[in-house]
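The values are calculated or read from the model by the stated rules, or taken from the named source; none is laboratory data. The shown structure was predicted, so the numbers you read here are calculated from the model rather than taken from an experiment. Reconstructed Cβ throughout: ideal geometry from the backbone, glycine too, with neighbour counts over all protein chains shown. Please note that ligands, DNA and RNA were not included when accessible areas were found on the heavy atoms of the full protein model with its side chains. Shrake-Rupley method; radii C 1.70, N 1.55, O 1.52, S 1.80 Å.
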Amino acid sequence: MLKLEVRPEPSRAMSVASPLIALAITVVIGTVLFVLLGKDPLRGLAVFFVEPVKSVYALTELAVKATPLLLIALGLALCFRSNVWNIGAEGQFIVGAIAAGGVAMTASADTGRWIVVAILFAGVAGGMAWAAIVALLRDKANANEILVSLMLVYVAEMLLGYMVYGPWKDPHGYNFPQTKTFEAVTQI
């Protein structure tokens, strides 16, 4: 019978080799999938590995997409170190974005630069409030934080969809700031 035992000390070779092995497996599986779909595997892999880093514009786009993920990862690192399994960070990010967007839409052409600080605080508060639901249910109802945080991601996505296709759909009909206001805020 096989028995797994914890190593007394982590292997330095495997700490370097394991990400490389994972990358190699990903490339092999990706290549097979591209071939099965009748696509050029080299072109497909180039889109994933070369396109994001081939120009300054591509690098800035990569940074725009990676920055929120890095912030989420930083917050999750703290959770995981304290043995709190929060896998619903995407929902917290979405609700934070909704809160920040709500504050941003209150800006007008006369609004000063202080609005940026208010937008940031609203985003943080929105994400914290969404995480507080998980914490409250864990502490008061002994609910599993993994399941609750994961399910709240779907609720956050539905809330975003409601806001985008509901109250925030037509700025003119709901008396929100017009396009000129958006241009004024982006110039700040």
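Rg over Rh of the chain, using C-alpha atoms and the Kirkwood radius, what does it come to? Intermediate values should be presented prior to the final figure.
On the way: Rg = 22.3 Å, Rh = 20.8 Å.
Using only Cα positions, Rg/Rh for the chain is 1.07.
Ser11 accessible area, nearest 10 Å², 1.4 Å probe?
40 Å²
May I ask you to list the trypsin sites (Lys or Arg not before Pro) in region 33-88 that are in a DSSP loop and have at most 12 other Cβ atoms within 10 Å of their Cβ? Walk me through the numbers on the way to the answer.
Details: sites: Lys39, Arg43, Lys54, Lys65, Arg81; in loops: Lys39, Lys54.
Passing sites in region 33-88 are Lys39, Lys54.
Filter the chain for me: DSSP H helices, axial length by Cα at least 30 angstrom, mean Kyte-Doolittle hydropathy not below -1.0. List them by residue number. Kindly include the intermediate steps, with their values, before the conclusion.
On the way: long enough: 12-36 (37 Å, 2.08); 56-81 (36 Å, 1.58); 115-141 (38 Å, 1.73).
Correct list, ordered by number: 12-36, 56-81, 115-141.
Before rounding to the nearest 500, sum -39500 (n - 2.57) across all DSSP H runs of length at least 4 in the chain and divide by the residue total; then give [θ] at 222 nm in deg cm²/dmol. Working shown, then result.
On the way: 7 runs with 132 residues, N = 188.
Value at 222 nm, helices only, nearest 500: -24000 deg cm²/dmol.
Excluding the sites themselves, what is the longest stretch of the chain that contains no chymotrypsin sites (Phe, Trp or Tyr not before Pro) in a DSSP loop with at most 13 other C-beta atoms within 10 Å? Each step should come with its number before you reach the end.
On the way: sites that count: Trp114, Tyr174.
So the longest stretch without any such site is 1-113.
Between region 78-132 and region 3-19, what is the C-alpha centre distance in whole Å?
39 Å
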